[in-house]
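Values in this text are rule-based calculations from the coordinates and carry no lab data. No experiment lies behind these values; they were computed from the predicted model shown. Heads up, the Cβs are rebuilt from the backbone with ideal geometry, glycines too, and the neighbour counts pull from every protein chain shown.
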Amino acid sequence: MTEYENRGIYELLTGRIAPYAGEGETLRFDRIVRAPVNDETVGLVAQALVDADSDTRRAGLFVFAGLQDETPERLEPFRPLAKKVRELLLDVEAAVRCDALMAFAYFDPEDLHVAVREFLTDPNGRNRLQAVRILDVECSPKNLPTLLTLGVDPYHEGAEDAADVREWLVVREAARTAVEHTVAVRFPAPIEEEEVEGVRCVYHAWDPVWQWAAREGIRGRG
């Protein structure tokens, strides 16, 4: 058995990055960029993306994205992996799909908007949040109807996963922030849950956003 087979790709990849980005047993995403991009790192990421273990696939996507600094020099060695990253957008594990969208965006593909639109209706809250974050970075007025719609994200209704029940609120707040960044306005306050006749909601907190949209003639999707 080789060293790679014995330790596993996950341990090899994270061990390779840990000296530059480690904090205890955690890799800090914002520090991964300190690590060099070389043949060994690219090879480990490539192996991680095709691993049977979902945590290993996520680690590969996470490290790849963290290594990027918006320069071609750090992205180009990973270009051959773009096809595999695209395939992971359809991974059976929701968490892998989420990280795949983050990684896919770094390649700036022409069809990124197609993937983002698909993720905006993903039942998993983290996946919708990832899509909203990409729209936030784009700051395109064309995205405003979509962002307004996500501002009243309804996917918490009937959710069985307790974690996802909370994520709908995070998605709404992210959409509100993206609207602010896109149109350079500041709404009165962050979204907060309110009790209205015993029902948790944030529709009232969104009134200023929708009032602004009505004045500007902007309508949400649907």
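Each residue in Glu76, Glu138 was given a count of other beta-carbon atoms within 10 angstrom of its own, and listing them fewest first yields Glu76, Glu138. Ordering Val132, Val170 from the fewest to the most neighbouring beta carbons within 10 Å gives Val170, Val132. Over all pairs of different C-alpha atoms, the range 1-91 has a mean inverse distance whose reciprocal, the Kirkwood radius, equals 13.3 Å. The phi-based Karplus calculation (6.51 cos²θ - 1.76 cosθ + 1.60; θ = phi - 60°) puts the 3J(HN,Hα) values of the range 61-73 at 5, 5, 5, 4, 5, x, 6, 7, 10, 6, 10, x, 4 Hz, whole numbers, x for Gly and Pro. The length gained on full extension between Val170 and Glu73, counted as 0.36 nm times the residue separation minus their Cα-Cα distance, comes to 31.5 nm. Counting beta carbons within 10 Å around each of Ile134, Ile9 and listing the fewest first gives the order Ile134, Ile9. Sites listed here are GluC sites (Glu not before Pro) in the range 14-62 whose DSSP assignment is loop and whose Cβ has at most 11 other Cβ atoms within 10 Å: Glu25. For Glu25 and His113, the difference between the fully extended length at 0.36 nm per residue and the C-alpha to C-alpha distance is 28.2 nm.
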